[in-house]
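What follows is a short report on a single structure.
Bear in mind that the values in this text are calculations on the coordinates, not laboratory data. The shown structure was predicted, so the numbers you read here are calculated from the model rather than taken from an experiment. Glycine also receives a Cβ, built like all others from the backbone with ideal geometry; neighbour counts cover every protein chain displayed.
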Amino acid sequence: MIVSSATCKDAPMPSPSPHSRPVRLLLVEDHDMVAEAIRLALERSSDLQVVGRAATVASALADVKRCEPDVVLMDRRLPDGDGVAAIPDLLALVPKARILVLAGEGNGAVAARVAETGGAGLILKARGLSELEDAVHRVAAGEMVFSQDLLGDVLGRLTGRSPGPGANLTPREREALQLLGEGHTTAEISEQLGVALNTGRNHVQRVLEKLGARSQLEAVAIARREGLLK
C-alpha cells in the first residue's frame, strides 16, 4: 500500500555510493487507482522506492520536505492547482529533488514551461508504465526527459528555433485573448466579437489549447509573460 501523506518511509543510512540505495520517489497523484498502478509498476524495479504519496499540491509541499525524495513524480492537474506551477515551490524546499511531470495531455508550450520552471521532464500518461519507469531512472541520473512526441517542439522553443506560445493564434483568437486579458467573460467576448456564444467558447478554448493553459486565468498569465497582451 502507498504511504499516506501523513508519513514517509525512513531514509536509509547514508552510503558512500549514491548507486547503492534505491531512488526515493514521492508520488503526487489524486486518483487512488492510478497512484496504486504506478506504485506497483515502479516498485517492480528493485532500485525504485515510493516513499510517499500526496494527492494535492498542498500536501506535496508538506511531504517533499519531510520525505526528502530524489524524484517527485507529479501529476500536472491536481484538485488544488497546476503541478507545473508548483515546481519552483517544491525546489525551494528540496533543491536536490528532480521533478518529473505526468500529464494526460500536453504540448510543446507545456513541456517548455516544465523546463523553464526547473522541472526535469514531462511524460504523457498514454506512453505506458514501462516508459514511465525508464523516465524516472533517467531523471534520477540527471537527464531531462520528455515524451518523444514533445521532444522536438520543446527543444525548438528552448533554443529559440521555433515560435513560442501564441505564435499560431489566429487573428480572431488574438482578439479573444485580448478580451480575456481585459477581464471579459466568455459571453461578453462572444458579444464583442459578434459571434454566437458557442463560437465564442470555441475561440476561447482554442486559445487555452494553443497556450498550453488549463484555465482562462492561466492563459492570461502566460500571454502576459510572453508579451501577447497589449
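Structure above, values below:
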{"item": "Sum of side-chain charges, Leu197 neighbourhood, beta-carbon under 12 Å (Lys, Arg +1; Asp, Glu -1)", "result": "-1"}
{"item": "Net charge contributed by nearby residues that have their C-beta within less than 12 Å of Leu78 (K/R +1, D/E -1)", "result": "-2"}
{"item": "Virtual spin-label span in nm between Gln192 and Arg21, 7 Å along Cα→Cβ", "result": "5.6 nm"}
{"item": "Radius, Kirkwood style, for the stretch 85-125 when every pair of distinct Cα atoms is counted (Å)", "result": "10.3 Å"}
{"item": "Rg(Cα)/(2.2 N^0.38 Å) for the stretch 12-149, N = residue count", "result": "0.95"}
{"item": "Linear extension gain, Thr199 paired with Thr170, 0.36 nm per residue minus alpha-carbon span", "result": "9.0 nm"}
{"item": "Phi to ³J(HN,Hα) by Karplus 6.51 cos²θ - 1.76 cosθ + 1.60 over the stretch 223-228, Hz, x for Gly, Pro", "result": "4, 5, 4, 8, x, 8"}
{"item": "Glu116-Leu40 pseudo-label distance in nm [points 7 Å out on the Cα-to-Cβ vector]", "result": "3.9 nm"}
